[in-house]
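Please read the structure below before turning to the comments.
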Amino acid sequence: MQLAMCDHIGLFTGNATRLKKFYEDHLGFSLKYETILPMSTVEKIFGVECECRFIKLSKNNFMLEIFEPLSTEPKQRVAGIVGINHWGYCADNREALVEELRKRSVPVIEVKRNGRSVYFVIDPDENRIEIRDCRT
């Protein structure tokens with residue numbers, strides 16, 4: 001059986017700077033590039049008539065794409081969109097990352113499931129991130 005993996009996740013936000021900073025400062029992502037997507041592109045992909053600030057962050061083989069509408073009405077629409085429930089972030093040493101996040105005052109949610117701990121953090125736009133261990 002082949003390993004299935006997610007290579008990127010796209011997140012809409014009303015504050016791309018805040019989201020970018022969270023992922024860079026707390027999870028070690030780096031900026032791959034940033035641009036403005038034209039209205040025609042945004043409309044084709046998302047059905048929203050506006051330009052979007054587009055930021056691509058990467059860490060290892062995983063990418064985050066952050067989209068911020070550049071006009072007021074689409075920003076209001078984005079605020080009402082139900083976001084991703086959660087996504088899995090795979091760490092080389094989950095326990096060490098959880099400890100580092102706690103030291104940085106990032107709230108960590110611990111859920112006990114089948115006698116094991118499952119950890120989540122929540123980014124500034126309230127997207128849940130499950131901290132997973134790559135070794136298992």
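The values are calculated or read from the model by the stated rules, or taken from the named source; none is laboratory data. Quantities reported herein were computed from a predicted structural model and do not represent experimental measurements. Because the Cβ atoms are built from the backbone with ideal geometry, glycine has one as well, and the counts that use them run over all protein chains shown.
Key figures
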{"item": "Near pairs, Cβ below 8 angstrom, 6+ apart or cross-chain, from region 16-31 (of a type outside the set (Gly, Ala, Ser) and at pLDDT 95 or above) to any residue that is surrounded by fewer than 20 Cβ atoms within 10 Å (Cβ to Cβ) and part of a helix (DSSP H, G or I)", "result": "HIS26/LEU101; LEU31/GLU24"}
{"item": "Pair list, Cβ < 7 Å and 6+ apart or interchain, from region 48-60 residues that are under 21 Å from GLY28 (Cα atoms) to residues that are at pLDDT 90 or above and in a loop (DSSP other than H, G, I, E, B)", "result": "LEU57/PHE29; SER58/PHE29; LYS59/GLY28; LYS59/PHE29"}
{"item": "Enumeration of residues in region 110-121 that are aliphatic (A, V, I, L, M) and closer than 16 Å to ALA91 by Cα", "result": "VAL118, VAL121"}
{"item": "Candidate set from region 92-136 (those that are of a type in the set (A, V, I, L, M) and in contact with a Lys or Arg (Cβ under 7 Å, 6 or more places away or on another chain)); member that is modelled with the highest pLDDT", "result": "VAL108"}
{"item": "Residue list for region 14-39, filter: among the aromatic types (Phe, Trp, Tyr) and surrounded by fewer than 13 Cβ atoms within 10 Å (Cβ to Cβ)", "result": "TYR33"}
{"item": "Only listed residue being under 12 Å from the mean Cα position of the chain (by Cα) and among the acidic types (Asp, Glu), chosen from GLU49, GLU34, GLU24, GLU43", "result": "GLU24"}
{"item": "Top-ranked residue in region 88-136 [being surrounded by fewer than 12 Cβ atoms within 10 Å (Cβ to Cβ) and in contact (Cβ under 8 Å) with a residue 40 or more places away in the chain; ranked as farthest from the chain's Cα centre (by Cα)]", "result": "ARG135"}
